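Reading through the structure tokens given below for one structure.
The values are calculated or read from the model by the stated rules, or taken from the named source; none is laboratory data. This one's a predicted model, so the numbers in the text were calculated from it and none came from an experiment. Every residue, glycine as well, gets a Cβ built from its backbone with ideal geometry; the counts of neighbours run over all protein chains shown.
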Amino acid sequence: MSAALLEIENLNKSFRTDSKSVQALRGIELDVREGEFVTVIGPSGCGKSTLLRIIAGLERGETGTVKLSGEPIRGPGIDKGFIFQEPRLFPWLTVEKNIAADLSLRKPEVRSKVDELIRLVKLEGFAKAYPRELSGGMAQRVAIARALLRKPKILLLDEPFGALDAFTRAHMQEVLLDIWKHNGTTMILVTHDIDEAVFLGSRIMILKPRPGEIRGQIAVELSYPRKKASTAFQEYRYRVLREFERIDELAWGESGAGI
Amino acid sequence: MSSHSSAPRRTSKWAHSPPEHRNRRAVLLRRAGDALLGLLLPVAVLVLWQWFGDAGRISPLLFPTPSVIWASFLWLLETGMLGESLGVSLARTAAGFGLGAGLGLVVGLAVGLSRVIERLLDSSVQMLRMIPHISVTFLFVLWFGIGETSKIMLIAKGSFFPLYIYTFLGVRNTDNKLFEVVRVLGYSRFKTLVRLVLPATVPGVMLGIRLSLAIAWVSLVVSEMMGSTSGLGYLMMDARAMSDTPIVFVGIALFTLLGKLTDMLVVYMERRLLAWRGS
Ligand SMILES: Nc1ncnc2c1ncn2[C@@H]1O[C@H](COP(=O)(O)OP(=O)(O)OP(=O)(O)O)[C@@H](O)[C@H]1O
Ligand SMILES: [Mg+2]
């Protein structure tokens, strides 16, 4: 078996403010193989964004190593695509120019790749539209296409559909699965939504807060596309929920001891 | 549930004409209507003015009637005095505005981009900005004489500040979240400047240009009236000395028109450059 694409060993990170220091991540160990779809779930403030931002190179870990294809991560770059919760498009550029960004659409290979991506994220007919004319879901698809054009080794998504309504979110999840099947891009997606974690992930990582630690992981052995109403799907939901209850009990135990 | 009752009912009043055609005509009609409504008051004032003048109810010296002003305008045009004065004034404004606004843009960008330059310059510039504009006119005449230089410098001084301030603000208001995006996209510092900061600054710059232009015209009038031997302002001062009020009115009308025209030009540019913002 080949080495993992992403290797995280004993990663720690704390933030220091004037008065105190918050340990955001403690002892994180995570290997992600090429082509995997890892979902990360955990309560607010457990360090999910911090973990993703460290992998992206937007933030630095304090101790421990983070390697992509065997190389330590030195900073952000196009090999690590990042999708933020908001689409963050350039408002003065049309959809196709947002996707191309610093690449010239006059180059035939860029042109054809952008056209292909517009089809892949189902935005035909909107190539010349400005971001203000798009719905939240459409804008987020532009952001995904922008990242994919750079052929990232890994695509990091930080609650990408958190701001969307339930129907749009379900649609976006399907679009993302299509992309994953079509391109085979390795993905790590952070979410609050148990259904989303089970629906998308080939593996679910469960994080607990204060300090942020990996509490458990669940390999989801269901074939895609998954049926949310199926019993097997519900089984996995229960397993994730049970992990959360264990976290809650631990949290209660700790604070109870403090009183 | 009946399948028919849930079908949406459309109002059929416009059903026969094609939608875009109908919309375009409606928009044109509305625009024409708005324009006519806007003209109502000025036209009424002009008609009353002419009528009172003809009836001898207002002093022809203080308020020459519109027809007299028009005749005086035609006379100025025929003798070529108008063209010459207008040319001189336009050249001064262009030079002064170009110098002041250009510097405002460059310094505004530099101060916006670098905290060190900001600390070095901004407080001094803010102090200079508080000097009342008109009060330095005499000083400029003393320093630079009554030739072109003093006028161009006064216009430049006036045009500098709005563009400086709004360029600076434009740079600083660049969405911080987009800075993270360009880091992830691997932009160099130069690319970040050209592809993120500059486009994000355009709205501020356009606003700055509009305000700078307005000040440029005021500065032109002031400088030409304080000491000058040519230009529209001089024409007006000269006419005033001769009690030729109609020419003063022609001057006022022309300055108003010039200000409005250049402002419209900037608004047009703004619409084209900032189409992405929508209306
Ligand atoms: N820049 C920062 N400065 C100080 N503290 C920070 C910073 N970023 C994160 N933290 C702290 O680190 C912890 C983890 O934050 P993080 O944003 O990673 O959580 P999260 O799991 O993404 O939460 P959410 O689900 O609400 O997005 C929190 O306690 C937060 O207060
Ligand atoms: Mg977060």
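For residue A:77, work out the one condition from (1) more than 16 Å from ligand 1 (Cβ to nearest atom); (2) in contact (Cβ under 8 Å) with a residue 24 or more places away in the chain; (3) of a type in the set (Gly, Ala, Ser) it doesn't fulfil.
Evaluating residue A:77 over (1) more than 16 Å from ligand 1 (Cβ to nearest atom); (2) in contact (Cβ under 8 Å) with a residue 24 or more places away in the chain; (3) of a type in the set (Gly, Ala, Ser) leaves (2) as the failure.
State the number of residues belonging to the range B:44-62 that are in a loop (DSSP other than H, G, I, E, B) and without any contact (Cβ under 8 Å) to a residue 24 or more places away in the chain. Walk me through how you get there before you give the answer.
Taking the range B:44-62 first, the residues in a loop (DSSP other than H, G, I, E, B) are B:55-62.
The next check asks that each one be without any contact (Cβ under 8 Å) to a residue 24 or more places away in the chain; those that pass are B:55-60.
Qualifying residue count, the range B:44-62: 6.
If you scan the range B:50-61, which residues turn out to be modelled with pLDDT of 85 or more and out of contact with any helix residue (DSSP H, G or I) (no Cβ under 6 Å at 6 or more places or on another chain)?
B:51, B:52, B:53, B:54, B:55, B:56, B:57, B:59 - these are the residues of the range B:50-61 that are modelled with pLDDT of 85 or more and out of contact with any helix residue (DSSP H, G or I) (no Cβ under 6 Å at 6 or more places or on another chain).
Identify the single condition in (1) away from chain B (no Cβ under 14 Å); (2) farther than 29 Å from residue A:50 by Cβ; (3) among the aliphatic types (A, V, I, L, M) that residue A:176 does not satisfy, given that it satisfies every other one.
Among (1) away from chain B (no Cβ under 14 Å); (2) farther than 29 Å from residue A:50 by Cβ; (3) among the aliphatic types (A, V, I, L, M), the lone unmet condition for residue A:176 is (2).
Report, by residue number, each residue of the range A:141-163 that is of a type outside the set (Phe, Trp, Tyr), buried (at least 16 other Cβ atoms within 10 Å of the Cβ) and within 16 Å of ligand 2 (Cβ to nearest atom).
A:156, A:157, A:158, A:159, A:160
Among the residues of the range B:171-191, what is the count of those that are more than 7 Å from chain A (Cβ to nearest Cβ) and either under 16 Å from residue A:85 (Cβ atoms) or of a type in the set (Phe, Trp, Tyr) (or both)?
In the first step, residues of the range B:171-191 are kept if they are more than 7 Å from chain A (Cβ to nearest Cβ); the result is B:171-176, B:179, B:182, B:188-190.
Then keep just the ones that are either under 16 Å from residue A:85 (Cβ atoms) or of a type in the set (Phe, Trp, Tyr) (or both); that gives B:175-176, B:179, B:190.
Of the residues in the range B:171-191, 4 are more than 7 Å from chain A (Cβ to nearest Cβ) and either under 16 Å from residue A:85 (Cβ atoms) or of a type in the set (Phe, Trp, Tyr) (or both).
So if I check each of A:90, A:82, which one is part of a loop (DSSP other than H, G, I, E, B) and either out of contact with any Cys (no Cβ under 7 Å at 6 or more places or on another chain) or within 12 Å of another protein chain (Cβ to nearest Cβ) (or both)?
Working: A:82 fails: part of a loop (DSSP other than H, G, I, E, B).
Exactly one residue qualifies, and that residue is A:90.
Those residues that are among the aliphatic types (A, V, I, L, M) and either within 14 Å of chain A (Cβ to nearest Cβ) or more than 16 Å from the chain's Cα centre (by Cα) (or both), I need them from the range B:253-279; list them, please. Talk me through it step by step, then tell me what you get.
Taking the range B:253-279 first, the residues among the aliphatic types (A, V, I, L, M) are B:253-254, B:257-258, B:261, B:264-267, B:269, B:273-275.
Passing the criteria: B:273, B:274, B:275.
Considering the range A:32-88 alone, what residues qualify as being under 29 Å from residue A:165 (Cβ atoms), modelled with pLDDT under 90 and surrounded by fewer than 20 Cβ atoms within 10 Å (Cβ to Cβ)?
Matches in the range A:32-88: A:43, A:44, A:45.
Hey, residue B:231 hits all of (1) more than 27 Å from residue B:150 (Cβ to Cβ); (2) over 19 Å from the mean Cα position of the chain (by Cα) but one; which does it fall short on?
(1)
When you go through (1) surrounded by 18 or more Cβ atoms within 10 Å (Cβ to Cβ); (2) free of Cβ contacts under 8 Å to residues at least 40 places away in the same chain; (3) of a type in the set (D, E, K, R) one by one for residue B:224, which number turns out not to apply?
(2)
Consider residue B:98 carefully, then state whether it is in contact (Cβ under 8 Å) with a residue 60 or more places away in the chain, closer than 27 Å to residue B:205 by Cα and among the small types (Gly, Ala, Ser).
Working: in contact (Cβ under 8 Å) with a residue 60 or more places away in the chain: no; closer than 27 Å to residue B:205 by Cα: yes; among the small types (Gly, Ala, Ser): yes.
Here the answer is no, as residue B:98 does not meet what is asked.
Looking only at residues in the range A:24-47 that are in contact with a strand residue (DSSP E or B) (Cβ under 7 Å, 6 or more places away or on another chain) and within 11 Å of ligand 2 (Cβ to nearest atom), which one is nearest to residue A:192 (Cα to Cα)? I'd like the intermediate steps shown before the answer.
Keep residues of the range A:24-47 that are in contact with a strand residue (DSSP E or B) (Cβ under 7 Å, 6 or more places away or on another chain), which gives A:24-32, A:34-42, A:46-47.
Within this subset, residues satisfying the condition of being within 11 Å of ligand 2 (Cβ to nearest atom) are A:24, A:40, A:42, A:46-47.
Working: A:24: 17, A:40: 9, A:42: 6, A:46: 11, A:47: 12 Å.
Here the answer is A:42.
Cβ-Cβ distance below 7 Å, separation of 6 or more or different chains: which pairs start in the range A:42-67 with a residue that is farther than 18 Å from residue A:82 by Cβ and end on one that is part of a helix (DSSP H, G or I) and within 12 Å of ligand 2 (Cβ to nearest atom)?
Here the result reads A:42/A:48, each pair linking the range A:42-67 to a residue that is part of a helix (DSSP H, G or I) and within 12 Å of ligand 2 (Cβ to nearest atom).
Rundown of residues vs (1) within 16 Å of ligand 1 (Cβ to nearest atom); (2) closer than 19 Å to residue A:184 by Cα; (3) touching a residue at least 40 places away in the same chain (Cβ under 8 Å), yes/no style:
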residue: A:8; (1), (2), (3): yes, no, yes
residue: A:31; (1), (2), (3): no, yes, no
residue: A:84; (1), (2), (3): yes, no, yes
residue: A:95; (1), (2), (3): no, no, yes
residue: A:99; (1), (2), (3): no, no, yes
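Taking only the range B:64-89 into account, find how many residues are farther than 15 Å from residue B:232 by Cα, in contact (Cβ under 8 Å) with a residue 60 or more places away in the chain and more than 26 Å from the chain's Cα centre (by Cα).
Counting residues in the range B:64-89 that are farther than 15 Å from residue B:232 by Cα, in contact (Cβ under 8 Å) with a residue 60 or more places away in the chain and more than 26 Å from the chain's Cα centre (by Cα) gives 3.
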